[in-house]
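A quick write-up on the structure given underneath.
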Amino acid sequence: MTIQIAVTGAAGFIGSSLALHLAQMGHGVHACDWSDRSGRTPLDTPADSTLARLRAERLGILAQTPGVHLSQLDLAAPGAFSAWVSERQPDVVIHLAAQAGVRHSMQAPLDFVGPNLIGFAHVLDACHRQGVQRLLYASSSSVYGMRDTAPFLEDDRTDSPESFYAATKQANEAMAKAYHAQYGLRSLGMRFFTVYGPRGRPDMAPFLFAQAIRRQETLTLFAEGELLRDFTYVDDTVAAIAALARPDARWEGSTVVNLGHHRPVSVNSFVKCLADQLGLAPIIAYAPMQKADVKLTCASETRLLSMIGSWPDTPLDEGLGRFVDWLQDWDPLNQPG
């Protein structure tokens, strides 16, 4: 069964991968992003930045993909998303557009207000007014805050954010519940757990660590490298989202679900696996734990499995191998000397 699906954040890491996957499944994909075709947004650094280059390449791939229809759109602009949805009449909206990054939110919290709060409010209201039957949106494992017990359950308390980014995602979940209570809007918040893979975000550990190792630069690991993260390969995440978007996915009302594999590894172990894939020894310096970081992320899969039955589970070494192969091809000119 093919359906019409709207995807926001199409220039993003997960959004671009999802739009491509949905189109390959035969769905009609209406994709939008704040970025222009050069990969820049009004908040960005120069167009030759790594992030802008990645965005531009992701959009370039989607522009050449049959079944994908691209638009540039500022979700925070009043009426913009509502008019866009009205023209396209999607069966499902998958809202992934956001300003991401725990550490970025420490440095520039106001960067998160427009995309994550105002933009999300416009998405909710447009879905309500345009009669969208199902809304899936990106939340984050960061909503769980600091805790030592695992796995993280969707019904656990999430009222102690460690970062402003986490606070915006908590707010999104509360806003979605309010729109369901008031208007009956059916919504699903997807709590992503450290997604990695080819064309991944350059501000996240896999990219930063791999580049430091390849350049034989010192790699700083906070909290002695003992932070535990539930790394999730991007193709696994995308497959789960696509399954959750199906009409037969078993979720109702306004709820949330973890997208993680319940298999956290220490950052030290992650770096060792990454270095093995690169065939290089890392140069490591340890540093104290940073503010806004959390010690552990670990997803319970029980609710997700009850909704879709099963989802792919790519081993870390295999996923990092694919990431390394892509990175070495994408950026071959960064070996020392």
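The values are calculated or read from the model by the stated rules, or taken from the named source; none is laboratory data. Here the structure is a predicted model, which means the values were calculated and not measured. Every residue, glycine as well, gets a Cβ built from its backbone with ideal geometry; the counts of neighbours run over all protein chains shown.
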Count, please, the residues in segment 234-260 that happen to be outside any helix (DSSP H, G or I) and either modelled with pLDDT of 95 or more or under 16 Å from SER306 (Cβ atoms) (or both).
15
All conditions in (1) among the hydroxyl-bearing types (Ser, Thr, Tyr); (2) assigned to a loop (DSSP other than H, G, I, E, B); (3) over 22 Å from SER139 (Cβ atoms) are true of SER71 except (2)
Sole residue being closer than 30 Å to ASP248 by Cβ, hydroxyl-bearing (Ser, Thr, Tyr) and out of contact with any Gly (no Cβ under 9 Å at 6 or more places or on another chain), chosen from TYR144, TYR137
TYR144
Listed by range, helices (runs of 4 or more DSSP H) wholly within segment 261-337 having at least 1 residues that are small (Gly, Ala, Ser) and more than 30 Å from ALA243 (Cα to Cα) are 267-278
Checking the condition among the polar types (S, T, N, Q), under 22 Å from LEU135 (Cβ atoms) and surrounded by fewer than 19 Cβ atoms within 10 Å (Cβ to Cβ), which residue from SER306, SER266, SER300 passes?
SER306
Could you grab the pairs with beta carbons closer than 6 Å, sequence gap of 6+ or different chains, first residue in segment 71-89 and touching a residue at least 60 places away in the same chain (Cβ under 8 Å), second one polar (S, T, N, Q) and surrounded by 14 or more Cβ atoms within 10 Å (Cβ to Cβ)?
VAL85/GLN130
Among the residues that make up segment 90-105, is at least one of them assigned to a helix (DSSP H, G or I) and either without any contact (Cβ under 8 Å) to a residue 24 or more places away in the chain or acidic (Asp, Glu) (or both)?
no
What are the pairs, 6+ residues apart or on separate chains, where a residue within segment 159-175 that is among the basic types (Lys, Arg) has its Cβ under 8 Å from a residue that is assigned to a helix (DSSP H, G or I) and crowded, with 20+ Cβ neighbours inside 10 Å?
LYS169/ASN116; LYS169/SER142; LYS169/VAL143
Filtering segment 185-233 down to residues that are assigned to a loop (DSSP other than H, G, I, E, B) and small (Gly, Ala, Ser), which residue is surrounded by the most Cβ atoms within 10 Å (Cβ to Cβ)?
GLY197
From the list ASP125, ASP156, exactly one residue is of a type in the set (Asp, Glu), in a helix (DSSP H, G or I) and surrounded by fewer than 22 Cβ atoms within 10 Å (Cβ to Cβ). Which is it?
ASP125
